[in-house]
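Shown next, in structure tokens, is the structure this report addresses.
The values are calculated or read from the model by the stated rules, or taken from the named source; none is laboratory data. All values reported here derive from a predicted model rather than from experimental measurement. FYI the Cβ positions are ideal-geometry reconstructions off the backbone, even for glycines, and counts take in every protein chain you see. Just so you know, the surface numbers come from the protein's heavy atoms only, side chains and all, with ligands and any DNA or RNA stripped out. Shrake-Rupley method; radii C 1.70, N 1.55, O 1.52, S 1.80 Å.
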Amino acid sequence: LLSSEAFKSAAGFDQLTTEVKTFGNLTESETKKLRGLAFQLGKDFPLSANEALSAAKDLIKAGLDTGEIQKALPIITELTSLTDSKNIGVAAQGIIQVVSTFKEFSDGIPASFDNAAVAANLLSQAADNSQASVESLIEGLGNVGGIASQFGLTLKDTVSVLGLFSNAGIQEPKLVRL
């Protein structure tokens, strides 16, 4: 039974490797780097190499190159450890979302994958300072982030407000109806 699970996992990793290489139009060397990173993250964090490589594929689809993924993926993996579900896909989509939604993460810090650590820290701090979870903040940003950005609010401003609403017992789906 164990060897059957290991075989399925290995086959899944090979399939993900093919998808990453194809979607990213990567060279063999770039593919090998991402595979190595996925294995390392799978050893360093409580997730599988398959999950890490799947998140790399999401980042490729968002337009990141291999170098950017090598910088952003460890940050996303750390953010994953702060989520309730420990789902790296949620953290990856959250970072992709805030980069594409906001002009600035905080005053003077542009929203970019180079500043993914700033975004992860802002989400973490807002969750620590409120009753909100990282996941509920990501979900809330999906609902109100675009509007907040259009009004000139930064990610920091927006997660702070979402945290205050959470403390007051107002969940983000109710905000959309206000």
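Observations, loosely collected:
- Residues that are in contact with a helix residue (DSSP H, G or I) (Cβ under 7 Å, 6 or more places away or on another chain) and open to solvent by 20 Å² or more (accessible area, probe 1.4 Å), drawn from region 27-41: 30, 33, 35, 37, 39
- In the set (1) at pLDDT below 95; (2) in a helix (DSSP H, G or I); (3) closer than 26 Å to residue 122 by Cβ, the condition left unmet by residue 59 is number (1).
- The set of residues in region 57-82 that are under 17 Å from residue 140 (Cα atoms) and surrounded by fewer than 19 Cβ atoms within 10 Å (Cβ to Cβ) contains only 82.
- Condition broken by residue 111, with the remaining ones in (1) crowded, with 23+ Cβ neighbours inside 10 Å; (2) touching a strand residue (DSSP E or B) at 6+ places or on another chain (Cβ under 9 Å) satisfied: (1)
- Out of 86, 103, one residue alone is within 13 Å of the chain's Cα centre (by Cα), surrounded by fewer than 18 Cβ atoms within 10 Å (Cβ to Cβ) and either over 16 Å from residue 64 (Cα atoms) or at pLDDT 95 or above (or both). It is 86.
- If the condition is being surrounded by 20 or more Cβ atoms within 10 Å (Cβ to Cβ) and closer than 17 Å to residue 80 by Cβ, then region 137-151 contributes 137, 138, 141.
- Hey, residue 117 surrounded by 15 or more Cβ atoms within 10 Å (Cβ to Cβ), modelled with pLDDT of 95 or more and within 17 Å of the chain's Cα centre (by Cα) or not: yes
- Helices (runs of 4 or more DSSP H) contained in region 73-178 and holding at least 1 residues among the aliphatic types (A, V, I, L, M) and either in contact (Cβ under 8 Å) with a residue 40 or more places away in the chain or within 25 Å of residue 40 (Cβ to Cβ) (or both): 88-101, 116-128, 134-150, 155-167
- Among the residues making up region 35-56, those that are part of a helix (DSSP H, G or I) and among the polar types (S, T, N, Q) are 40, 50, 54.
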